[in-house]
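Below: the structure, in structure tokens.
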Amino acid sequence: MALLYAVLLQVLSWSGLCLFLRLLATGLAGVLGVWTVRLLARHAWYTRRLSRFNTPPTHSWLIGHLGQMRSTEEGLQQVDELVQTYKHSCCWFLGPFYHLVRVFHPDYVKPLLMASANITVKDELIYGHLRPWLGQSLLISSGEEWSRKRRLLTPAFHFDILKNYILTFNSSTDTMHNKWHRLVAEGTTNIEMFDQITLMTLDSLLKCAFSYQSNCQESTSEYVSAIVELSDLVIDRRLRILHHWDWIYWKTQQGQRFKRALNVVHRFTRDVVQKRRALIDQQRETEALTNQSAGQQRKKDFVDIILLSKDEDGQGLTDEEIQAEANTFMFAGHDTTASAICWTLYNLARHTHYQEKCRQELMELMEGREGHEIEWDDLSNLPFTTMCIKESLRLHSPVQAVTRNYTQDMTLPGDLTVPKGVICLVSLYGTHHNPEVWTNPHEYDPLRFEPTGTKSRSAHGFIPFSSGPRFAWYVTLGYRRKQPGLFLIYNPLKQTP
Ligand code: HEM
């Protein structure tokens, strides 16, 4: 005690305080110095290892391409220029912090996307900011953790399950169409399609994932607004380098908004999962008592299936893991689909002769039917419409790029090596607009997807759902039965104005 008192007296004395502050400043300067030296050494090492790649002009050796990456139309034009100039790949660095190799040619894309899942890691630059929202979900996890989740989640995307969702898409689309009719009758002349279609996709996904009738197309839903806000904030954060550090971000206004929206979304999914687990347990007890299958009376949704899914050792996902997957289902499903639908409608509106052909194809398919509800089996009988959708996915890919990190050096054609730890940014947009792969790449031409044309093209020239082990496999499940995986986006075509 006496010793403590003596030390306190010393510290609180003027000279003691000065000494203490001096020691603290020296310590901090030391830490900062070591950090800076390490950062610069790492930067120099990567710059040397990547020197064989083409590097677009930079502001300086240190700043690199910081501030040049944009998620706007100009950003896409910049990718077009990179593709024109460098043909297949180039190197890019964001200050001394991130080193990227950008690839946009199928021969360079293939070895990266086809690499084994064991050596593929999702990088922090793009996926890290999603972690507070999506947790360690399928989209973000890597290695054995990812393989296990993929096995457990695959039943939820089986076509027997997807088939049932068609009725849901029909009903959500009807709600949207009725709303448009009403708005037009009330004198509205402009409708912001992306907002409308986003609400429709969220409405459908909420019904498919949680059997939840949000009515979000007609009235404001706190949960839906929170999802839209989180999606916007994730993009915003990616573009502000200082916001990449958690300890800065959570203190900013955007970070505070993110936290508030996150609370709403997490509370919602936690409630759904907990209540559903209780319901399933209760059903099991009733079944055991009455010797009758109560579960068969209720159609299974996404949460049911993943709650019941078990691995080889009989282990299922924890509540926390299920919440992460449910959040991912909503995040990965709504924006992509809304974007694909909007661009398809936009392209068909601009090319009325293709629109007319699609309409004709649908009318013929529906001929003689009482209602005009699309059914699952119809999806494989719309070849021209499928070509139009594919061409839209090529020209206006909902996902612009996917990024990867590898736990070993990766070899690319031309004897180029991507050192381990460098972020590989596979540009889906760049590959889809590469003139070495596509003639007149900026033109909307669905006939490119005629079966004869597709054979001569590299499989990695068209990758809207990525490719390789991390491919969006729910599409394959659809294709296996010759169904286009884009069932979600057919319906709005049935009444294209
Ligand atoms: C037109 C619509 C869609 C497009 C273009 C699309 C595109 C993609 C792409 C490119 C990836 C790979 C991402 C990466 O490697 O980082 C992906 C992964 C994923 N998508 Fe989609 N997606 C669409 C719709 C959906 C829907 C409707 C859902 C679910 C409801 C969904 C759930 C997922 C999940 C869970 C993954 C992670 C797969 C894994 O890493 O194993 N997506 N998607």
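Our summary gives region 95-187 a relative contact order of 19 percent, counting only alpha carbon pairs under 8 angstrom and 6 or more residues apart. Straight Cα distances below 20 angstrom link Lys420 to the aspartates and glutamates Asp107, Asp123, Glu124, Glu144, Asp409, with same-chain residues fewer than 8 positions distant left out. Pop a pseudo-label 7 angstrom from the Cα along the beta-carbon direction at both Phe97 and Leu24 and give the gap in nm to one decimal. About 2.7 nm separates the two model spin labels.
Say R0 is 45 Å: what FRET efficiency, to the nearest 0.05, do Trp45 and Thr290 get from their beta-carbon distance?
Values: r = 68 Å, r/R0 = 1.52.
With a Förster radius of 45 Å, E is 0.05.
Only helices enter the 222 nm calculation for the chain: every DSSP H run of n ≥ 4 contributes -39,500 (n - 2.57), and dividing by all residues gives -18000 deg cm²/dmol, rounded to 500.
Between Ser71 and Val34, what length in nm is gained on full extension when 0.36 nm per residue of separation is reduced by their alpha carbon distance?
Between Ser71 and Val34, full extension yields an extra 9.9 nm.
With a Förster radius of 45 Å applied to the C-beta separation of Gln253 and Thr352, the computed FRET efficiency comes to 0.50.
How far is helix 143-153 tilted, in degrees, relative to the longest principal axis of the Cα atoms in the chain, given as a value from 0 to 90 rounded to the nearest 10? It is inclined by approximately 30 degrees. Bridgeable aspartates and glutamates around Lys251 (alpha carbons under 16 Å apart, same-chain partners fewer than 8 residues away excluded): Asp236. Within 10 Å of each candidate Cβ there may be at most 13 other Cβ atoms; applying that plus a DSSP loop requirement, which GluC sites (Glu not before Pro) in region 140-186 survive? Counting only loop positions with at most 13 other Cβ atoms within 10 Å, the GluC sites (Glu not before Pro) in region 140-186 are Glu186. For the pair Leu308 and Ala117, what calculated FRET efficiency results from E = 1/(1 + (r/R0)^6), where r is the Cβ-Cβ distance and R0 = 30 Å, to the nearest 0.05? About 0.75, to the nearest 0.05. Alpha carbon centre of region 212-253 versus region 130-161: separation in Å? Distance between centres, Cα-based: 22 Å. For the chain, averaging the sequence separation of C-alpha pairs within contact (under 8 Å, six or more residues apart) and dividing by the residue count gives a relative contact order of 22 percent.
Against the compact-protein benchmark of 2.2 N^0.38 Å, the Cα-based radius of gyration of the chain scales to 1.13. Each of Ser380 and Ser458 was given a label point 7 Å from its Cα along the Cα-to-Cβ line. The distance between the two points is 3.1 nm. Straight Cα distances below 27 angstrom link Lys275 to the lysines Lys149, Lys163, Lys207, Lys259, Lys299, Lys300, Lys310, with same-chain residues fewer than 8 positions distant left out.
For region 117-126, putting each phi into the Karplus relation 6.51 cos²θ - 1.76 cosθ + 1.60 with θ = phi - 60° gives couplings of 5, 5, 9, 9, 10, 6, 7, 7, 4, 9 Hz, in residue order, rounded to whole numbers and with x for Gly and Pro. One chain, two ends: Asn190 and Leu242. Fully extended at 0.36 nm per residue, the span grows by 14.9 nm beyond their Cα-Cα distance.
Report the Cα centroid-to-centroid distance between region 170-202 and region 299-371 in angstrom, as an integer. A separation of 18 Å, based on Cα centres.
Figure the gain on full extension for Asp281 and Arg369 (residue separation times 0.36 nm, minus the Cα-Cα span) and round it to one decimal in nm.
Result for the pair: 27.5 nm of gain on full extension.
Every read-out reported here was derived from the displayed coordinates using simple, explicitly stated rules and does not represent laboratory data. Just so it is clear, the model here is predicted, and its values are computed rather than measured. No Cβ is skipped: glycine too gets one built from the backbone with ideal geometry, and neighbour counts run over all protein chains shown.
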